[in-house]
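The values are calculated or read from the model by the stated rules, or taken from the named source; none is laboratory data. Since the structure is predicted, the reported quantities are computational estimates derived from the model, not experimental observations. Ideal geometry is used to build each Cβ from the backbone, glycine not excepted, and the neighbour counts take in all protein chains shown.
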Amino acid sequence: MKSISRWLKTGAEGVAAAMLAAMFLTFILQIFSRYVLVSPIGWTLELNLTLWVWLIFWGNAFVVRNRDHVTFDIIYLAVRPRTRRILALIISASVAIGLAISIYPTWDYIDFLKIKKSATLKIPLNQIFSIYVVFLVAAVLAHAYHFIDVVRHGTPEDRHYPGAKAAGEADK
């Protein structure tokens, strides 16, 4: 199971790297056509913007780990382990439920966008923004998994630092 997970993670990172490479090459083409040929190409900007949208949501769905996100956890880390566990469960459930509730209306709007096309590439906008639904589903699954993991094993902070005491916890 770990080898399959590692293979999928490597594949997701490869897709993100390919998008970054395509953005870079398109950017170089844009600079070359504008400043050397003095004839700017319009589609390069649109392709870079589309790749940027895809890169952000793809990366956050499949590449960036939850612990790598910026968090404001001063209060969370200052409470006792039992309270921290309750907070982790509430937060995971709230995010998973909130994002799950938003999937259908989001999909409905993205499906509506099939009547519009991008300006220069003529790609239907529903294809450009469909990555957001993929991100939503991945985020719901990740937070649901985190909820189950906290129920079974406690918070990641408590597992990584089993002997550590929460702030304010007195020595006995």
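Answer yes if at least one residue in the range 59-67 is exposed (fewer than 12 other Cβ atoms within 10 Å of the Cβ), at pLDDT below 95 and either in a helix (DSSP H, G or I) or not polar (S, T, N, Q) (or both), and no otherwise.
Of the residues in the range 59-67, the ones exposed (fewer than 12 other Cβ atoms within 10 Å of the Cβ) are 65, 67.
In the following step, the residues that additionally are at pLDDT below 95 were identified as 65, 67.
Pick out the ones that are also either in a helix (DSSP H, G or I) or not polar (S, T, N, Q) (or both) and you get 65, 67.
For the range 59-67, residues exposed (fewer than 12 other Cβ atoms within 10 Å of the Cβ), at pLDDT below 95 and either in a helix (DSSP H, G or I) or not polar (S, T, N, Q) (or both): present.
If a residue must be surrounded by fewer than 14 Cβ atoms within 10 Å (Cβ to Cβ), aromatic (Phe, Trp, Tyr) and touching a helix residue (DSSP H, G or I) at 6+ places or on another chain (Cβ under 9 Å), how many such residues does the range 96-128 contain?
So the count comes out to 2.
Within the range 72-82, track down each residue that is of a type in the set (Val, Ile, Thr) and surrounded by 11 or more Cβ atoms within 10 Å (Cβ to Cβ). Give the derivation first.
Initially, the range 72-82 is screened for residues of a type in the set (Val, Ile, Thr), giving 74-75, 79.
Matches in the range 72-82: Ile75, Val79.
Could you count how many residues in the range 90-120 are more than 30 Å from Ile41 (Cα to Cα) and of a type in the set (Asp, Glu)?
Applying the first criterion (more than 30 Å from Ile41 (Cα to Cα)) to the range 90-120 yields 90-109.
Applying the additional criterion that residues be of a type in the set (Asp, Glu) yields 108.
Qualifying residue count for the region: 1.
Select from the range 34-52 the residues that are surrounded by 15 or more Cβ atoms within 10 Å (Cβ to Cβ) and either charged (D, E, K, R) or in a helix (DSSP H, G or I) (or both) and list them in ascending order.
Narrowing the range 34-52 to residues surrounded by 15 or more Cβ atoms within 10 Å (Cβ to Cβ): 41, 43-48, 50-51.
Listed by number, the residues that qualify are Trp43, Thr44, Leu45, Glu46, Leu47, Asn48, Thr50, Leu51.
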